[in-house]
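Trainee: Structure provided below as structure tokens; questions to follow.
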Amino acid sequence: MKAAGFRVFVICPRNSLLEFSDQIDGRHGFLPGLAVEDLTVMAARAAARFQADMVVGCEESAVGALGLAGRLLDRVPEGSADARGLRIVQRWCGGNAWEESRSRCVEKAAEAGIRTPRQVVVVPRRTDSIDLAGLGEPLLLKYDGSSAGRGVLPVSTARQATELASSPPPDRSDRRVVAQEFVRGRAASVSFSALDGRLLEGFAYTVLHHQPEPFGPASVIEVVDHPTLIDMARRIVELAGYSGFGGIDAILPEDGGPPVFLEFNARPTQTTHLGNLAGSDLCAAMACALEGRPHDAVFGRSVDKRVALFPAELIRDPGSHYLTAAHHDVPWSERRMTEAILSVTQRLHPAPAVIPAAAPGTAHR
């Protein structure tokens with residue numbers, strides 16, 4: 001975002017890794033335990049103070065907190081600074097849109113004629129295994145409100161699915177759960193930027209490895225020219241009227257048919273910053289759109305490149321050949337950030353972490 005000309009102000013927990021970034025113009029750290037609504041108001045006041053051009057929630061809980069802006073508008077005077085800030089936040093994080101509920105997102109996509117997995121809502125102790133017979137076996141149990149693969153449970157049989165749904169984990173007891181057809185194929189995604197339901201720029205990639213396997217975030221990707229994935233992202237963005245950075249997840253099925261839509265991530269994904277590598281700068285496209293300047297979108301049409309994501313691939317396999325054979329996405333320009341990430345990674349994952357040094361004269365991003 002800095003390279004695209006934005007000034008960046010960050011609100012994050014104290015001791016966040018963001019505090020080590022040299023690419024931030026200002027920051028405010030908050031203590032653990034801050035009430036969610038207080039965080040929303042804090043963001044609104046920062047947006048009003050800096051006359052923010054855009055507001056970005058960078059992970060699921062932040063998106064949820066910022067989505068409260070519309071509800072809080074009723075509690076503040078109409079012409080106040082807080083009202084102005086809340087309206088800025090609401091413009092970018094506008095409440096409980098359908099894309100924030102994963103199972104309903106699939107339903108809406110299917111209604112629009114986009115290929116999706118078959119799924120059935122599982123009502124604990126009411127849905128019977130025979131109700132899931134049409135999904136085939138094995139299948140997946142998916143909880144709304146989850147991310148990074150943590151709410152996806154592979155199950156062998158329909159009976160196992162209903163039994164598990166009847167005893168949900170404590171943090172998902174109030175979540176809608178669906179049993180979903182297991183579609184065999186290769187995982188794929190699109191990272192994009194969008195404004196008012198218009199896809200500005202994006203690039204597609206397939207996933208070669210996950211951390212953790214098999215449903216965790218990607219650790220090695222291959223950026224590919226895939227127009228049907230880009231078209232799927234364009235249709236989802238238009239359906240949602242979405243503004244901001246985001247991503248869709250899909251499956252390229254073994255049957256050779258159209259991609260199968262899985263999820264819409266209404267936030268930046270871990271590959272958002274790789275736009276330059278794909279020839280499709282998502283941040284530059286957003287800056288041009290906000291300023292009314294033309295932008296010649298590329299949509300990753302001419303790229304075929306493998307990328308090892310840092311530090312995910314290092315965690316998955318410290319001896320992975322992708323760390324040297326592919327582009328290893330180490331933020332060399334952010335030395336303090338890199339050292340902090342490695343320190344945390346080595347505490348959480350004690351296996352040795354050795355990063356190949358950047359070659360002299362080689363530019364890394």
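Trainee: Residue 102 fails exactly one of the following numbered conditions: (1) modelled with pLDDT of 90 or more; (2) touching a strand residue (DSSP E or B) at 6+ places or on another chain (Cβ under 6 Å); (3) of a type in the set (Lys, Arg). What is the number of that condition?
Mentor: With respect to (1) modelled with pLDDT of 90 or more; (2) touching a strand residue (DSSP E or B) at 6+ places or on another chain (Cβ under 6 Å); (3) of a type in the set (Lys, Arg), residue 102 is out only on (1).
Trainee: Here's a follow-up. Might you check whether a residue that is farther than 17 Å from residue 265 by Cβ and either in contact with a Lys or Arg (Cβ under 9 Å, 6 or more places away or on another chain) or touching a residue at least 24 places away in the same chain (Cβ under 8 Å) (or both) occurs anywhere in region 228-239?
Mentor: Step one: list which residues in region 228-239 are farther than 17 Å from residue 265 by Cβ, which gives 228, 231.
Going one step further and asking which of them are either in contact with a Lys or Arg (Cβ under 9 Å, 6 or more places away or on another chain) or touching a residue at least 24 places away in the same chain (Cβ under 8 Å) (or both), we end up with 228.
Within region 228-239 (the criterion being farther than 17 Å from residue 265 by Cβ and either in contact with a Lys or Arg (Cβ under 9 Å, 6 or more places away or on another chain) or touching a residue at least 24 places away in the same chain (Cβ under 8 Å) (or both)), the answer is yes, since at least one residue qualifies.
Trainee: In addition: Taking residue 323, is it modelled with pLDDT under 95, among the hydrophobic types (A, V, I, L, M, F, W, C) and surrounded by 15 or more Cβ atoms within 10 Å (Cβ to Cβ)? Even if it seems obvious, please write down each step before you answer.
Mentor: Details: modelled with pLDDT under 95: no; among the hydrophobic types (A, V, I, L, M, F, W, C): yes; surrounded by 15 or more Cβ atoms within 10 Å (Cβ to Cβ): yes.
For residue 323, the condition - modelled with pLDDT under 95, among the hydrophobic types (A, V, I, L, M, F, W, C) and surrounded by 15 or more Cβ atoms within 10 Å (Cβ to Cβ) - is not met.
Trainee: Let me ask something else. Just the residues that are assigned to a loop (DSSP other than H, G, I, E, B) and either outside the structural domain of residue 335 (by TED's automatic domain parsing) or without any contact (Cβ under 8 Å) to a residue 60 or more places away in the chain (or both), please, taken from region 271-316. Please lay out each step first, then the result.
Mentor: Step one: list which residues in region 271-316 are assigned to a loop (DSSP other than H, G, I, E, B), which gives 271, 276-281, 292-304, 309-311.
Of everything in region 271-316, those that are assigned to a loop (DSSP other than H, G, I, E, B) and either outside the structural domain of residue 335 (by TED's automatic domain parsing) or without any contact (Cβ under 8 Å) to a residue 60 or more places away in the chain (or both) turn out to be 292, 293, 294, 296, 310, 311.
Trainee: Another question about this same structure. In region 131-155, what count of residues is obtained for those that are in a loop (DSSP other than H, G, I, E, B), modelled with pLDDT of 90 or more and more than 18 Å from residue 213 (Cβ to Cβ)?
Mentor: We begin by selecting, within region 131-155, every residue in a loop (DSSP other than H, G, I, E, B); these are 136-138, 144-151.
Within this subset, residues satisfying the condition of being modelled with pLDDT of 90 or more are 136-138.
With more than 18 Å from residue 213 (Cβ to Cβ) added as a condition, the list becomes 136-137.
Result for region 131-155: 2.
Trainee: If I filter region 181-196 for residues that are of a type outside the set (A, V, I, L, M, F, W, C) and free of Cβ contacts under 8 Å to residues at least 60 places away in the same chain, do I get at least one hit? Full working, then the answer.
Mentor: So in region 181-196, the residues of a type outside the set (A, V, I, L, M, F, W, C) come out as 181, 184-186, 189, 191, 193, 196.
With the extra rule that they be free of Cβ contacts under 8 Å to residues at least 60 places away in the same chain, the set shrinks to 196.
Yes, region 181-196 contains at least one residue that is of a type outside the set (A, V, I, L, M, F, W, C) and free of Cβ contacts under 8 Å to residues at least 60 places away in the same chain.
Trainee: Could I ask something else about it? Based on this model, can you work out whether residue 124 counts as in a loop (DSSP other than H, G, I, E, B) and surrounded by fewer than 15 Cβ atoms within 10 Å (Cβ to Cβ)?
Mentor: Values: in a loop (DSSP other than H, G, I, E, B): yes; surrounded by fewer than 15 Cβ atoms within 10 Å (Cβ to Cβ): yes.
When the stated conditions are applied, residue 124 passes them.
Trainee: Further, regarding this structure: If you go through region 28-69 one residue at a time, how many are of a type in the set (Ser, Thr, Tyr) and within 11 Å of residue 89 (Cα to Cα)?
Mentor: The first filter runs over region 28-69 and keeps only residues of a type in the set (Ser, Thr, Tyr), leaving 40, 61.
Restricting the remaining residues to those that are within 11 Å of residue 89 (Cα to Cα) gives 40.
Summing the residues that are of a type in the set (Ser, Thr, Tyr) and within 11 Å of residue 89 (Cα to Cα) in region 28-69 gives 1.
The values are calculated or read from the model by the stated rules, or taken from the named source; none is laboratory data. Keep in mind it's a predicted model, so treat the numbers as computed, not measured. Glycine also receives a Cβ, built like all others from the backbone with ideal geometry; neighbour counts cover every protein chain displayed.
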